[in-house]
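The block underneath contains the structure these notes are about, expressed in structure tokens.
The values are calculated or read from the model by the stated rules, or taken from the named source; none is laboratory data. This one's a predicted model, so the numbers in the text were calculated from it and none came from an experiment. Because the Cβ atoms are built from the backbone with ideal geometry, glycine has one as well, and the counts that use them run over all protein chains shown. Heads up: the accessible areas ignore ligands, DNA and RNA and are worked out on the full protein's heavy atoms, side chains in. Shrake-Rupley method; radii C 1.70, N 1.55, O 1.52, S 1.80 Å.
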Number of protein chains: 2
Amino acid sequence: MAEKEPAPRFQTKSAYAASVLRRALAEGRYAAGERLMATQLARDLGFSMTPVREALMQLANDGLLEIAPHRGVRVADIADDDLVDTYVVRAIVESAAARLAAARIRPEEIAQLRRVHRQFVDAASARDPDVARLRELNEEFHFIIYAAAGSPLLRRMIRTAWTSSPRDTFGVLPLKTARDDHGALIEALETRDGDRAEDVMREHIEESAKLLRLFKKSKRKH
Amino acid sequence: MAEKEPAPRFQTKSAYAASVLRRALAEGRYAAGERLMATQLARDLGFSMTPVREALMQLANDGLLEIAPHRGVRVADIADDDLVDTYVVRAIVESAAARLAAARIRPEEIAQLRRVHRQFVDAASARDPDVARLRELNEEFHFIIYAAAGSPLLRRMIRTAWTSSPRDTFGVLPLKTARDDHGALIEALETRDGDRAEDVMREHIEESAKLLRLFKKSKRKH
DNA sequence: AGGTTATTTTTTGTAAAAAATTTAAAATGG
DNA sequence: CCATTTTAAATTTTTTACAAAAAATAACCT
């Protein structure tokens with residue numbers, strides 16, 4: 001462990017601990033199925049058990065950890081199959097959200113979408129693209145749509161899907177494709193074409209899944 | 001408060017506290033937006049803060065409560081609109097799960113489905129039907145299908161949708177309709193007819209939503 | 001070896017201190 | 001004098017440190 005992060009800007013130690021753990025998981029620092037001991041983590045972070053415990057519960061809620069009563073917490077075993085599964089589910093819920101959004105989206109949300117899209121395009125066309133920023137903009141873009149769908153529950157589910165994958169998979173889709181898809185999405189939403197919005201979103205995600213599968217396969221051969 | 005429940009059969013106090021709170025919410029004992037004080041709840045239950053706190057986190061994760069850092073926890077304001085929303089979302093995810101299940105379900109799962117269905121039919125045709133048992137059987141039936149869909153994430157989402165409604169709404173659908181729908185579902189799954197399974201499931205849920213809307217409307221007039 | 005009883009380790013729960021927020025009261029300035 | 005800001009008090013949440021309970025591990029004894 002031994003994070004040297006400044007540790008401020010977090011409102012609670014639980015939140016900070018959760019963020020540290022989430023990052024550690026994303027970086028694959030723990031093996032699948034590995035047992036995490038709250039007492040140990042607390043010692044590493046210099047906190048007492050309670051905030052660490054709460055952080056563990058949060059991540060367990062996200063499906064990143066599994067916690068058995070009196071028996072401790074283990075890193076969830078998310079196989080490659082499950083990663084593909086994530087995309088299957090995302091295609092289902094996010095395309096449905098896009099369809100709903102087409103019916104309900106308001107002009108100011110369209111404007112917001114355009115603004116973020118423009119920033120994305122600018123950032124993507126830079127000489128040395130800032131991947132972290134692109135990821136943020138991409139997320140913002142998507143969630144403007146999901147908020148516009150007007151279903152808090154569906155939005156929450158999509159958030160679950162986005163956080164349920166420990167490994168960061170942004171960037172499998174070529175920037176150009178992402179850009180074009182986002183443009184098509186805006187157009188479909190603006191013309192209130194629910195069918196098209198749904199289709200574009202589904203293909204946008206399935207394309208990512210396909211590329212990810214290829215990527216995984218090529219890595220497995222090695 | 002002052003639950004007189006024996007309190008056993010729970011592995012941890014957190015779990016017990018969560019169960020008590022969940023029931024209290026289901027019974028509408030707290031107003032929407034009302035503030036819940038952990039210290040107060042702890043006193044009422046005779047527990048210390050930690051288990052109560054953990055219970056609150058669980059329910060917040062289910063969307064039943066909203067918790068703001070350093071500012072306490074409030075009962076989520078789930079309006080009637082949101083209840084309808086629940087059904088919209090359920091129709092989306094559960095019909096998708098039914099389609100997936102049709103492609104992957106195994107013979108023993110079909111057999112299991114038939115077994116539960118038979119129990120449901122028996123219980124439903126009793127002189128004085130046991131509603132609690134029917135609810136359990138209904139849930140079991142549905143989740144056999146969602147498990148058969150082979151997507152842990154989708155299954156988890158559906159579980160979220162089922163627990164995200166504080167008020168219990170089982171029973172709006174006439175027993176006869178439920179029975180017929182379940183029969184049609186088994187048939188569609190057995191013949192691997194994904195389209196049909198999806199349609200039946202969607203209509204099964206949308207029918208509930210429609211009746212619930214009528215029910216709500218009639219109650220509002222009064 | 002097999003099984004039972006200690007020992008140790010880890011999780012869970014308690015009580016109270018610390019930090020933050022809200023509420024109330026006092027002070028300040030127009 | 002009233003409104004606004006400051007200061008202080010009281011709640012409430014968050015964290016700590018430690019005790020109790022449960023499970024895992026080691027030791028022991030036929």
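Which ones in segment A:71-81 are within 11 Å of another protein chain (Cβ to nearest Cβ) and open to solvent by less than 40 Å² (accessible area, probe 1.4 Å)?
So the first thing to find is which residues in segment A:71-81 are within 11 Å of another protein chain (Cβ to nearest Cβ), and the list is A:71, A:76-79, A:81.
Listed by number, the list holds a single entry, A:A76.
Search segment B:10-51 for residues being among the aliphatic types (A, V, I, L, M), more than 11 Å from chain A (Cβ to nearest Cβ) and closer than 24 Å to A:R156 by Cα, and hand back the single one that is surrounded by the fewest Cβ atoms within 10 Å (Cβ to Cβ).
B:A31
When residues of segment B:177-217 are filtered for being out of contact with any Phe, Trp or Tyr (no Cβ under 7 Å at 6 or more places or on another chain), farther than 17 Å from B:Q112 by Cα and of a type in the set (V, I, T), how many remain?
2
Looking at segment B:106-117, I want the residues that are closer than 15 Å to B:L185 by Cβ and have a partner that is aromatic (F, W, Y) with Cβ atoms under 6 Å, at least 6 apart or on another chain. Which pairs are those?
Taking only residues 6 or more apart or on different chains, the pairs are B:V116/B:F141.
Which number in (1) at pLDDT below 95; (2) under 20 Å from the mean Cα position of the chain (by Cα); (3) closer than 30 Å to A:A149 by Cβ marks the one condition that A:A24 misses?
The failed condition is (3).
Restricting attention to segment A:62-94, which residues are of a type outside the set (V, I, T) and within 16 Å of DNA strand D (Cβ to nearest atom)? Walk me through it before giving the result.
Narrowing segment A:62-94 to residues of a type outside the set (V, I, T): A:62-66, A:68-72, A:74, A:76-77, A:79-83, A:85, A:87, A:90-91, A:94.
Selection gives A:E66, A:A68, A:P69, A:H70, A:R71, A:G72, A:R74.
For (1) under 17 Å from the mean Cα position of the chain (by Cα); (2) outside the structural domain of B:L64 (by TED's automatic domain parsing); (3) open to solvent by 40 Å² or more (accessible area, probe 1.4 Å), each residue gets a yes or a no:
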site	(1), (2), (3)
B:V89	yes, yes, no
B:A97	yes, yes, no
B:I110	no, yes, no
B:A123	no, yes, no
B:N138	yes, yes, no
B:A148	no, yes, no
B:I186	no, yes, no
B:E190	no, yes, yes
B:D195	no, yes, yes
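When you go through (1) without any contact (Cβ under 8 Å) to a residue 24 or more places away in the chain; (2) within 30 Å of B:I78 (Cβ to Cβ); (3) surrounded by 16 or more Cβ atoms within 10 Å (Cβ to Cβ) one by one for A:R159, which number turns out not to apply?
Every condition holds for A:R159 apart from (3).
Among A:L56, A:L137, which is the only one that is in contact with a strand residue (DSSP E or B) (Cβ under 9 Å, 6 or more places away or on another chain) and not acidic (D, E)? If you could, list the steps in order and put the result at the bottom.
Numbers: A:L137 fails: in contact with a strand residue (DSSP E or B) (Cβ under 9 Å, 6 or more places away or on another chain).
Step by step, each of A:L56, A:L137 is checked, and only A:L56 is in contact with a strand residue (DSSP E or B) (Cβ under 9 Å, 6 or more places away or on another chain) and not acidic (D, E).
Across segment A:60-70, which residue is most open to solvent (accessible area, probe 1.4 Å) among those that are without any contact (Cβ under 8 Å) to a residue 24 or more places away in the chain and within 10 Å of chain B (Cβ to nearest Cβ)?
First, the residues of segment A:60-70 that are without any contact (Cβ under 8 Å) to a residue 24 or more places away in the chain: A:60-61, A:66-70.
Of the ones still in play, those that are also within 10 Å of chain B (Cβ to nearest Cβ) are A:60-61, A:68-70.
Values: A:A60: 23, A:N61: 47, A:A68: 44, A:P69: 65, A:H70: 162 Å².
By that ranking, first place goes to A:H70.
With the condition kept exactly as written, say whether any residue in segment A:3-24 is in a loop (DSSP other than H, G, I, E, B) and either closer than 27 Å to B:T163 by Cβ or in contact with a Pro (Cβ under 8 Å, 6 or more places away or on another chain) (or both). Quick ask: steps written out before the conclusion?
Step one: filter segment A:3-24 for residues in a loop (DSSP other than H, G, I, E, B), giving A:3-12.
Narrowing further to those that are either closer than 27 Å to B:T163 by Cβ or in contact with a Pro (Cβ under 8 Å, 6 or more places away or on another chain) (or both): A:11-12.
Yes - at least one qualifying residue is present in segment A:3-24.
Hey, among A:F215, A:F143, which residue is free of Cβ contacts under 8 Å to residues at least 60 places away in the same chain, over 24 Å from A:R106 (Cβ atoms) and not assigned by TED's automatic domain parsing to the domain that holds A:R29? Don't jump to the end; show me each part of the working.
Values: A:F143 fails: over 24 Å from A:R106 (Cβ atoms).
Just a single option satisfies the conditions, and that option is A:F215.
Give the residues of segment A:31-59 that are touching a residue at least 24 places away in the same chain (Cβ under 8 Å) and not in a helix (DSSP H, G or I), sorted by residue number.
Result: A:A31, A:A32, A:G33, A:E34, A:R35, A:L36, A:M37, A:F47.
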